[in-house]
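The values are calculated or read from the model by the stated rules, or taken from the named source; none is laboratory data. Model, not experiment: these values are computed from the prediction. Neighbour counts run over all protein chains shown; Cβ positions are idealised from the backbone, glycine included.
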Amino acid sequence: MLNAKRLSELLAKNVDPKLYPRMFVMSPNGTLLAYSTPVDIKELRDQAALISMAWKEHEAAVQAKVSKGKGSDEPGSSQQTTSSAEPLLETLTIEFENNNLIVRAIQPKLLLILVGGVPPGRKASFKITPEAYGDPRYPTSGSSNNAQSSTTTVTASAPSSQSNTPPESDVTNSPARTVTSIAGSHMSQREKDMKLGTLHIQRKKLDAMTRFIRSDFDSKGFVMPDDSNFP
């Protein structure tokens with residue numbers, strides 16, 4: 001089962017007060033499952049409700065597009081890169097004047113959200129960018145291999161105790177570890193990231209967190225059930 005406390009601890013260890021001050025995990029129906037602290041729970045619930053509506057709307061749009069083009073032999077089409085176990089919509093980026101929300105489907109019934117800060121006085125209109133599996137990354141990074149050329153780190157804590165019982169899918173049930181993929185020197189990569197902007201840096205962090213959590217869940221065989229199966 002999902003260990004919400006351990007997952008919340010993982011999220012709290014990986015936030016940044018300016019770049020990404022909040023992360024949380026929810027179901028597509030808006031059920032909050034874990035979140036970094038401290039937190040304004042009312043604001044968090046409002047964000048979860050907004051994300052749930054936006055996710056369902058764009059997921060339906062992607063589904064309709066795929067269904068309309070079903071049977072197409074066009075290379076790179078979403079239906080060719082998506083298995084029946086994967087959601088068709090993988091990422092949703094919502095840009096506001098005061099913050100960014102980047103939503104990622106870890107599993108069909110599990111969403112990871114990064115709330116990102118923006119530079120002071122940013123003049124940006126409301127914008128939503130959906131990405132189905134196989135779609136180009138948003139924002140573009142100037143490299144088709146960006147997911148592998150990253151210095152972004154995920155910090156995980158060791159378990160508080162050992163047990164002979166089967167481990168829960170707590171994302172932190174193995175010894176303390178760091179997930180890092182390095183290309184070039186740290187400074188040169190950091191300079192490139194800064195040049196590409198705040199949203200790019202936030203997206204890299206979300207990508208790293210996604211890889212870490214998916215890997216942990218896969219190693220334990222954990223699959224998030226539908227909301228209807230919650231106690």
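Numbers at a glance
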quantity: In region 49-90, the residues that are of a type in the set (D, E) and either in a helix (DSSP H, G or I) or modelled with pLDDT under 95 (or both); calculated: E57, E59, D73, E74, E86
quantity: Extreme residue, modelled with the highest pLDDT, among residues of region 204-228 that are touching a Phe, Trp or Tyr at 6+ places or on another chain (Cβ under 9 Å) and of a type outside the set (D, E, K, R); calculated: L206
quantity: Inter-residue pairs, beta-carbon under 8 Å, first at positive phi and in region 28-51, second surrounded by 17 or more Cβ atoms within 10 Å (Cβ to Cβ) and among the hydroxyl-bearing types (S, T, Y), 6+ apart; calculated: G30/S52
quantity: Flag if S188 is more than 30 Å from A60 (Cα to Cα), at pLDDT 50 or above, of a type in the set (S, T, N, Q) and not in a loop (DSSP other than H, G, I, E, B); calculated: yes
quantity: Failed item in (1) over 20 Å from A208 (Cβ atoms); (2) of a type in the set (D, E, K, R); (3) modelled with pLDDT under 90, with K42 passing the rest; calculated: (3)
quantity: Single residue of region 11-48 satisfying the filter (part of a helix (DSSP H, G or I) and more than 27 Å from L196 (Cα to Cα)) that is farthest from the chain's Cα centre (by Cα); calculated: K42
